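One structure below.
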Amino acid sequence: MNKAVILLSGGLDSVVSLACIKEQYDDILALTFDYSQKSAMQEIKSSKKVADLYGIKHRIIKLDWLGSISGSALNNSSKVPVLSEEDLDDKNITADSAKSVWVPNRNALFINIAASFAEAMNFNAIIIGANKEEGATFIDNSKEFITAVNNSLKYSVNSKIEVKAPLINMTKDDIVKKGTELNIPFNLIYSCYRGNEKHCGKCESCQRLKKALKNYSNIDIMYSIFGD
């Protein structure tokens with residue numbers, strides 16, 4: 001039987017990844033991580049609703065210590081960078097933004113925790129929402145990272161477990177298109193860095209989502225998430 005652990009933050013990428021693989025696995029466990037990020041409460045709320053909708057098991061993993069050592073604007077009192085849509089095409093600006101929200105070793109840590117669950121439960125896959133667009137500025141979203149972590153797992157688990165990234169060749173436009181085709185619950189996703197009840201519409205994550213929705217002409221959905 002094919003069984004998978006999915007890293008489910010409740011954001012666009014993880015929810016579309018879930019929709020992509022839902023029919024390929026007989027059993028799916030979703031893990032949502034609380035590492036004291038500003039958006040933890042909203043991510044947990046969103047991921048719970050998504051997991052319930054798709055009828056999969058869901059577990060929250062608390063990593064308070066990660067938040068306590070992180071210097072990321074996602075965790076501490078520093079302000080999350082505000083970007084314009086035009087800034088998304090400026091590599092220097094996005095590099096600075098990525099640096100300010102970087103959490104030490106986050107994705108590798110999440111995958112290794114997921115691997116512990118997968119090995120203990122005889123699951124054979126770990127699903128992550130890594131994608132081409134974010135891989136350009138976040139190295140732990142890149143193809144090279146997925147390849148490297150899979151090589152590492154050959155030596156850290158006693159069973160065959162593979163990390164899979166169904167969106168790895170997709171931009172945000174592609175992901176929104178795929179999500180629309182798969183009828184994902186756009187009304188349930190939460191992709192904002194700031195953690196307010198509503199998406200701020202100004203952080204890099206919000207701007208990328210907003211731009212993709214606009215490019216794919218999902219104006220009604222864009223307004224429902226961001227307002228006017």
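Per-structure values
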read-out	value
Neighbours by Cβ (under 7 Å, 6+ apart or cross-chain): first from segment 170-191, of a type in the set (A, V, I, L, M); second at pLDDT 95 or above and not in a helix (DSSP H, G or I)	Met170/Asn131; Ile175/Asn131; Ile175/Leu167; Ile189/Gly10; Ile189/Gly11
Selection count, segment 113-132, where residues are buried (at least 21 other Cβ atoms within 10 Å of the Cβ) and in a helix (DSSP H, G or I)	3
Qualifying residue in segment 90-105 (condition: over 19 Å from Cys203 (Cα atoms), of a type outside the set (Gly, Ala, Ser), part of a helix (DSSP H, G or I) and over 19 Å from the mean Cα position of the chain (by Cα))	no
Hits in segment 1-53 (condition: modelled with pLDDT under 95 and either basic (Lys, Arg) or under 16 Å from Ala130 (Cα atoms) (or both))	none
Residue count, segment 34-78 (criterion: within 30 Å of Ser100 (Cβ to Cβ), open to solvent by 20 Å² or more (accessible area, probe 1.4 Å) and in a helix (DSSP H, G or I))	11
Selection from segment 3-33 of residues that are assigned to a helix (DSSP H, G or I) and among the acidic types (Asp, Glu)	Asp13, Glu23
Close pairs from segment 131-144: first within 16 Å of Asn105 (Cβ to Cβ), partner outside any helix (DSSP H, G or I) and modelled with pLDDT of 95 or more, Cβ under 6 Å, at least 6 apart	Asn141/Ala130
Flag if Ile175 is surrounded by 20 or more Cβ atoms within 10 Å (Cβ to Cβ) and in contact with a Lys or Arg (Cβ under 8 Å, 6 or more places away or on another chain)	no
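The values are calculated or read from the model by the stated rules, or taken from the named source; none is laboratory data. All figures in this text were calculated on a predicted structure; none of them were measured in a lab. We place every Cβ from the backbone using ideal geometry, glycine too, and count neighbours over all the protein chains shown. Side chains included, ligands, DNA and RNA excluded: accessible areas come from the protein's heavy atoms. Shrake-Rupley method; radii C 1.70, N 1.55, O 1.52, S 1.80 Å.
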